[in-house]
Amino acid sequence: MKHIQHTPINYANLFDDFRDPNSGAVVLFSGEVRDNNKGKAVTHLEYEAYEPMAEKMIEEILTDTHKKWDLNKAICVHRVGHVDISGCAVVVITASAHRAAAYEANRYIIDRVKYEVPIWKHEFYTDGSSEWGQNCDCSSPSHPHHHKHEHQHAE
């Protein structure tokens, strides 16, 4: 399965494929585009990725997750291109015998994908401006993968 997708993500279809007689828990996380950020009204997002590396890295994260938790299934699909408000930007689904593993693994996958995988978010605002942002929300000191983003500017 491809992890980077250029068309809208149909998480209902993905979820239906997770029916498994060994799974007592299936957890679906959908990262949705909201209409505001940092006090500004958002019109849409555009995502870009270095796809060969992103595909490989997401697969490695899923493999690592299977080793850490007793999962029956796990997937992650991230959208690239134009995504409208309320559109789905990323989906992570995990299935296991018990809910604790499914929840913990799901959070682990999305945090690593947003922190490590070469996917970039371009946010567009109603005032006509736009901003490239971090794909993760790791700038909060309380976040488990907290880091300060430093950007080099050409002079």
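The values are calculated or read from the model by the stated rules, or taken from the named source; none is laboratory data. Note that this is a predicted model, so its numbers are computed, not measured. Using ideal geometry, Cβ is built from the backbone for each residue, glycine included, and neighbour counts are taken over all protein chains shown. Side chains are part of the model used for accessible areas, which takes the heavy atoms of the whole protein and leaves out ligands, DNA and RNA. Shrake-Rupley method; radii C 1.70, N 1.55, O 1.52, S 1.80 Å.
Points to keep in mind about this one:
- Whole-Hz Karplus values for segment 61-74 come out as 5, 5, 4, 4, 5, 4, 6, 7, 10, 7, 9, 8, 8, 7 Hz, taken residue by residue from phi with 6.51 cos²θ - 1.76 cosθ + 1.60 and θ = phi - 60°; glycine and proline positions read x.
- Annotated for the chain: lysine pairs at least 8 residues apart or interchain, Cα distance under 23 Å, count 22.
- Accessible area of the chain belonging to carbon and sulfur atoms, whole % at 1.4 Å probe: 50
- Based on protein heavy atoms only, segment 1-74 ends up with 62 Å² per residue of surface accessible to a 1.4 Å probe.
- The Cα-based radius of gyration and maximum Cα-Cα distance (Dmax) for the chain are 16.2, 59 Å.
- With R₀ set to 22 Å, the beta-carbon distance separating GLU51 from GLU131 gives a calculated FRET efficiency near 0.45.
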